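The values are calculated or read from the model by the stated rules, or taken from the named source; none is laboratory data. Keep in mind it's a predicted model, so treat the numbers as computed, not measured. Every residue, glycine as well, gets a Cβ built from its backbone with ideal geometry; the counts of neighbours run over all protein chains shown. Please note that ligands, DNA and RNA were not included when accessible areas were found on the heavy atoms of the full protein model with its side chains. Shrake-Rupley method; radii C 1.70, N 1.55, O 1.52, S 1.80 Å.
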Amino acid sequence: MGKLQDKIAVVTGAGRGIGKAIAEKLAAEGAKIAVVSRTEANSNSAADGINALYPDAAKAYAVDIADGHAVAEMGKQVLADFGHVDILVNNAGVTKDGLLLRMSEEDWDFVLNTNLKGAFHMVKAFQRSLLKQKGARIINIASVIGLMGNAGQANYAASKAGLIGFTKSLAREFAGRGVTANVVAPGFIATDMTGVLDEKVKAAVLEKIPLGDFGQADDIAATVAFLASPEARYITGQVLAVDGGMVM
Ligand code: NAI
């Protein structure tokens, strides 16, 4: 029996990359998964992939998490389909990089509205259900950039630092009901998001990683599965960097 047998988990950005790996890992541990992604094709194919291994374990939902109304509607549907939610993983995220001198208000809003406000909308949609479950979990995927800052990523760094403050506040507000809230801060993980970077940038990043390698989506998924499990019941309000030692 898995560590998360029959738990209900909602994972955003689960159509590909890190979110997909998280959804698959939680399903492997016995959880039922609401696969949430912006694009219907991605969420359907990720859910189909899970169902092929674990029959009827996943359902797909397509929603833009920046749209509060749409998230509320999706939330009602998830609760109608699954009954309740035990684990919420806010993983969906975007970048729109550029030096501040050239950064438009639209680029700022796009990143903040998805990465930070999207997590707010998701917690609002599921907080009542989470608070009713014993030992519910909120796990937010930030980034080491939220701890360090990065030239050319003021919007992204602000969104991820904001997510850390948001999570610590949730940890305090929800602790009385035994609900934990933690952040996983990935370093450089090999996915579509980082695949677009040029080789020079990748080589410069690699030099700053003591373990000398990029991370894999499965490294993040394993950490999330641990934080979601009963073994992590006494951990809340923490930021766990999974970054090969980049930030310490
Ligand atoms: P990705 O770009 O491969 O996947 C992101 C997923 O989020 C996609 O499925 C996309 O459809 C979904 N998404 C984006 N905007 C959305 C919206 N408005 N509504 C619903 N879904 C939306 O990204 P990746 O690399 O898998 O990253 C996942 C998370 O990990 C992000 O929050 C990212 O900031 C974070 N992260 C990634 C790192 C990396 O090296 N790849 C490093 C640090 C953090």
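For the stretch 171-181, does any single residue satisfy the condition of being in a strand (DSSP E or B) and small (Gly, Ala, Ser)?
Within the stretch 171-181, the first condition is being in a strand (DSSP E or B), and the residues that meet it are 180-181.
Subsequent filtering for residues that are small (Gly, Ala, Ser) retains 181.
Yes, the conditions are met somewhere in the stretch 171-181.
If the requirement is being buried (at least 24 other Cβ atoms within 10 Å of the Cβ), more than 19 Å from Leu131 (Cα to Cα) and out of contact with any Phe, Trp or Tyr (no Cβ under 6 Å at 6 or more places or on another chain), which of these qualifies: Ala31, Ala14?
Ala14
What about Ala14, is it at pLDDT 95 or above, within 13 Å of the ligand (Cβ to nearest atom) and not in a strand (DSSP E or B)?
So Ala14 fits the description; yes.
As an exercise: evaluate Val242 against (1) open to solvent by 20 Å² or more (accessible area, probe 1.4 Å); (2) more than 18 Å from Gly17 (Cβ to Cβ) and give the number of the one condition it does not meet.
Exception for Val242: condition (2).
Hey, can you tell me all the residues within the stretch 60-83 that are open to solvent by 40 Å² or more (accessible area, probe 1.4 Å), under 19 Å from the mean Cα position of the chain (by Cα) and closer than 24 Å to Val179 by Cα?
Result: Ala72, single match.
Of all residues in the stretch 171-181 being open to solvent by 60 Å² or more (accessible area, probe 1.4 Å) and in contact (Cβ under 8 Å) with a residue 24 or more places away in the chain, which is nearest to the ligand (Cβ to nearest atom)?
Arg172
Just to verify a result, which residue in the stretch 182-222, among those that are part of a loop (DSSP other than H, G, I, E, B), within 12 Å of the ligand (Cβ to nearest atom) and open to solvent by 90 Å² or more (accessible area, probe 1.4 Å), is farthest from Asn90 (Cα to Cα)?
The residue in question is Val196.
Output the number of the condition that Phe120 fails; it satisfies all remaining conditions of (1) within 15 Å of the ligand (Cβ to nearest atom); (2) within 29 Å of Ile209 (Cα to Cα).
(2)
Can you find even one residue in the stretch 140-163 that is without any contact (Cβ under 8 Å) to a residue 60 or more places away in the chain, part of a helix (DSSP H, G or I), away from the ligand (no atom under 15 Å from the Cβ) and under 17 Å from the mean Cα position of the chain (by Cα)?
no
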